[in-house]
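Notes to accompany the following structure.
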Amino acid sequence: MYWEEKIETMDIGTLRSLQLSRLRKTLERAKTTPYYKKLFEEIGLDTDIKSLAHIRDIPFTTKNDLRENYPYGFLAVPKEKIVRMHSSSGTTGRATVIFHTREDIDNWSNLVARSIYMTGARSEDVFQNTMGYGLFTGGLGLHYGAEKVGMMVIPSGTGNSVRQINIMRDFDTTVIHILPSYAFRLLDVFESESLDPRKDVKLRIAFIGAEPHSEEMRKKIEESYDMDAFNSYGLSEMNGPGVAFECPEKKGMHVWEDSYLIEVINPKTLEPMPDGVEGELVFTTLNRKGMPIIRYRTRDLASLYTGKCPCGRSHRRLSRIKGRTDDMLIVKGVNMFPIQVETVLMKFPEIGRNYQIRLETKGHMDEIYVEVEVLYPADDMREYEGLKNRIAAALHSEILVTPKIILHQPGAIPRAEGKAVRVVDNRVKE
Ligand code: AMP
Ligand code: ZN
């Protein structure tokens, strides 16, 4: 049931002392990097800190710090010790790059193995990895962990949906790694091939993540494929997948606290938030040799669950990620997150598998459009007038502004190649 029972079920006291001793080592290693050497000197840091709370004496590291010290300013080992580079999938600004030693790759693969073993994946399984291979961590990251578990790994990569389905059928894929938005898109392809994902393929487990998605979306994916879908959270700066993963309870994702120190802060005041209260996630690597990162501000918003998990693992659980601080939209003066719109939309059975939020300036006012595909084609979209009004009313009670709903035939809204693009902001910037 456990990949590493001792670590996964370690009592909290022991886990915290392990964290402290690893944090001290991490600070020692960080002191040898150009970036932290300078920083620690400036703040006069004694790396032999006495408690975990003392980490608050160290300033946060931001994406901007990584960018400004691109490419090697965070390296703690000579370059010849590095065996792999990855990068974030960000589309704005200079990419951030992360370097790993051989030991880092081993430790990362082990965390991924621990995560996926927890969901029930075993060596008998056939694993199809539909995530991008390349600089993005979802491909190689899961790949190595899955091999460690002993599954037969099919590195199918992204795209070519018909071929993906053929592979599933030819090799009896049982476990899949897939973007939630792509799991939806693939349903259309099953349909056009006159195949039923519930009957014509043998999928039983999916790892879904890399982008925000709602509980409702998970349920729809599980029902449409008749499989269990587990939320997987990670970011390239903290390796990638294997930072936090859902256990079979499916109530939050266990953060592997032996390898990451997690903090939740108020993104405005930067004060620490207690467990159970939502804030921005901040991570410190505790076991990375090549490129230690301390107090990295992820901009991801979530909270830590309080209370023990019935699965027996002691590592704290993270809630679903609500979005990033920069995903927050201010429309007509009201704050909202795209995920709130998704949660409402997914409750309408008539609605299809893709949606987009479009913001425009009309006069001097914001206008919000929610573009939605219906599930079944209609000869005349006017048939759906009643549905439109019901969606608008349901959205109003969630986000407090009334959006204009635009309904489309199935497949009409453009699909992104990688992570889904949920918001198009065409507003005139003052
Ligand atoms: P990258 O560094 O390109 O791998 O992207 C990492 C980012 O993807 C994270 O900081 C999150 O914003 C997002 N992300 C990853 N996994 C999830 C997840 N399970 N739910 C929501 N967002 C996620
Ligand atoms: Zn659990």
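Is it true that some residue in the range 250-263 is in the same structural domain as Val97 (by TED's automatic domain parsing), among the aromatic types (Phe, Trp, Tyr) and away from ligand 2 (no atom under 16 Å from the Cβ)? Step through it out loud before you land on a result.
First, pick out the residues of the range 250-263 that are in the same structural domain as Val97 (by TED's automatic domain parsing): 250-263.
Filter once more, keeping what is among the aromatic types (Phe, Trp, Tyr): 256, 260.
Cutting the leftovers down to away from ligand 2 (no atom under 16 Å from the Cβ) gives us 260.
So far as the range 250-263 goes, yes, one or more of its residues are in the same structural domain as Val97 (by TED's automatic domain parsing), among the aromatic types (Phe, Trp, Tyr) and away from ligand 2 (no atom under 16 Å from the Cβ).
So Arg358 ticks every box in (1) among the basic types (Lys, Arg); (2) buried (at least 16 other Cβ atoms within 10 Å of the Cβ); (3) more than 16 Å from ligand 1 (Cβ to nearest atom); (4) in a loop (DSSP other than H, G, I, E, B) but one. Which box is left unticked? Only one criterion is unmet by Arg358, namely (4).
For the range 221-260, a residue qualifies if it is assigned to a helix (DSSP H, G or I) and near ligand 1 (Cβ under 8 Å from one of its atoms), and the qualifying residues are Ser236, Glu237.
Among the residues of the range 361-375, those identified as assigned to a strand (DSSP E or B), touching a residue at least 12 places away in the same chain (Cβ under 8 Å) and either farther than 19 Å from Gly411 by Cβ or not β-branched (Val, Ile, Thr) (or both) are Thr361, Met365, Asp366, Glu367, Ile368, Tyr369, Glu371, Glu373.
Answer yes if at least one residue in the range 388-405 is of a type in the set (Ser, Thr, Tyr), farther than 30 Å from Lys63 by Cβ and without any contact (Cβ under 8 Å) to a residue 12 or more places away in the chain, and no otherwise.
Step one: filter the range 388-405 for residues of a type in the set (Ser, Thr, Tyr), giving 397, 402.
Still in the list and also farther than 30 Å from Lys63 by Cβ: 397, 402.
Checking which are without any contact (Cβ under 8 Å) to a residue 12 or more places away in the chain leaves us with 397, 402.
The answer is yes, given that some residue of the range 388-405 is of a type in the set (Ser, Thr, Tyr), farther than 30 Å from Lys63 by Cβ and without any contact (Cβ under 8 Å) to a residue 12 or more places away in the chain.
Looking only at the range 55-93, filter to residues that are basic (Lys, Arg) and farther than 22 Å from Glu280 by Cβ; which one of those is surrounded by the fewest Cβ atoms within 10 Å (Cβ to Cβ)? Spell out how you get there, then give the answer.
Step one: filter the range 55-93 for residues basic (Lys, Arg), giving 56, 63, 67, 79, 81, 84.
Restricting the remaining residues to those that are farther than 22 Å from Glu280 by Cβ gives 79, 81, 84.
Working: Lys79: 9, Lys81: 16, Arg84: 15.
Applying the filter and picking the extreme gives Lys79.
Is one or more of the residues making up the range 300-317 within 13 Å of ligand 2 (Cβ to nearest atom) and within 23 Å of Glu342 (Cβ to Cβ)?
Within the range 300-317, the first condition is being within 13 Å of ligand 2 (Cβ to nearest atom), and the residues that meet it are 305, 307-317.
Those left that are additionally within 23 Å of Glu342 (Cβ to Cβ): 305, 317.
Yes, some residue in the range 300-317 is within 13 Å of ligand 2 (Cβ to nearest atom) and within 23 Å of Glu342 (Cβ to Cβ).
Scanning the range 76-134 for residues that are of a type in the set (Lys, Arg), within 23 Å of His177 (Cα to Cα) and in contact with a strand residue (DSSP E or B) (Cβ under 6 Å, 6 or more places away or on another chain) returns a single hit, Arg84. Within the range 11-22, residues that are surrounded by 12 or more Cβ atoms within 10 Å (Cβ to Cβ) reach partners that are part of a helix (DSSP H, G or I) with beta carbons closer than 8 Å, at six or more positions or on different chains, in the pairs Arg16/Leu52; Gln19/Leu52; Leu20/Leu52. Take the range 317-341 and flag every residue that is in a loop (DSSP other than H, G, I, E, B), within 17 Å of the chain's Cα centre (by Cα) and of a type outside the set (A, V, I, L, M, F, W, C). The answer is Ser319, Arg320, Lys322.
Selection of the range 173-195 for residues being surrounded by 13 or more Cβ atoms within 10 Å (Cβ to Cβ) and in a loop (DSSP other than H, G, I, E, B) yields Thr173, Thr174, Leu179, Glu193, Leu195.
Regarding Arg169, is this residue in a helix (DSSP H, G or I), touching a residue at least 40 places away in the same chain (Cβ under 8 Å), within 29 Å of Glu223 (Cα to Cα) and among the charged types (D, E, K, R)?
On the way: in a helix (DSSP H, G or I): yes; touching a residue at least 40 places away in the same chain (Cβ under 8 Å): no; within 29 Å of Glu223 (Cα to Cα): yes; among the charged types (D, E, K, R): yes.
No.
Among the candidates Phe171, Phe207, the residue that is touching a helix residue (DSSP H, G or I) at 6+ places or on another chain (Cβ under 9 Å), modelled with pLDDT of 95 or more, assigned by TED's automatic domain parsing to the domain that holds Ser319 and not small (Gly, Ala, Ser) is uniquely Phe207.
Filtering the range 23-54 to residues that are aliphatic (A, V, I, L, M) and surrounded by fewer than 12 Cβ atoms within 10 Å (Cβ to Cβ) leaves Ile43, Ala53.
For the range 143-165, how many residues meet the condition of being part of a loop (DSSP other than H, G, I, E, B) and in contact (Cβ under 8 Å) with a residue 12 or more places away in the chain?
First, pick out the residues of the range 143-165 that are part of a loop (DSSP other than H, G, I, E, B): 150-151, 155-160.
With the extra rule that they be in contact (Cβ under 8 Å) with a residue 12 or more places away in the chain, the set shrinks to 150-151, 155-159.
Residues in the range 143-165 being part of a loop (DSSP other than H, G, I, E, B) and in contact (Cβ under 8 Å) with a residue 12 or more places away in the chain: 7 in total.
Test Val344 against the criterion of being part of a helix (DSSP H, G or I), crowded, with 18+ Cβ neighbours inside 10 Å and at negative phi, and give yes or no. Yes; evaluated as a whole, the condition is true for this residue. In the range 331-341, of all residues being in contact with a strand residue (DSSP E or B) (Cβ under 8 Å, 6 or more places away or on another chain) and farther than 19 Å from Tyr182 by Cα, the one that is surrounded by the fewest Cβ atoms within 10 Å (Cβ to Cβ) corresponds to Asn335.
Taking (1) within 16 Å of ligand 2 (Cβ to nearest atom); (2) more than 18 Å from the chain's Cα centre (by Cα); (3) not small (Gly, Ala, Ser) in turn, Pro197 satisfies each apart from (1). Scanning the range 302-327 for residues that are within 16 Å of ligand 1 (Cβ to nearest atom), hydrophobic (A, V, I, L, M, F, W, C) and in contact with an Asp or Glu (Cβ under 6 Å, 6 or more places away or on another chain) yields a total of 2.
Being surrounded by 17 or more Cβ atoms within 10 Å (Cβ to Cβ) and not in a strand (DSSP E or B): is that true of Arg353 here? No; evaluated as a whole, the condition is false for this residue.
Working only within the range 141-156, note down all residues that are over 20 Å from Asn239 (Cβ atoms) and surrounded by fewer than 20 Cβ atoms within 10 Å (Cβ to Cβ). Listed by number, the residues that qualify are Gly150, Met152.
The values are calculated or read from the model by the stated rules, or taken from the named source; none is laboratory data. Bear in mind that the values here come from a model prediction, so they are computed numbers and not experimental data. Cβ sites come from the backbone with ideal geometry, for glycine too, and all protein chains shown count toward neighbours.
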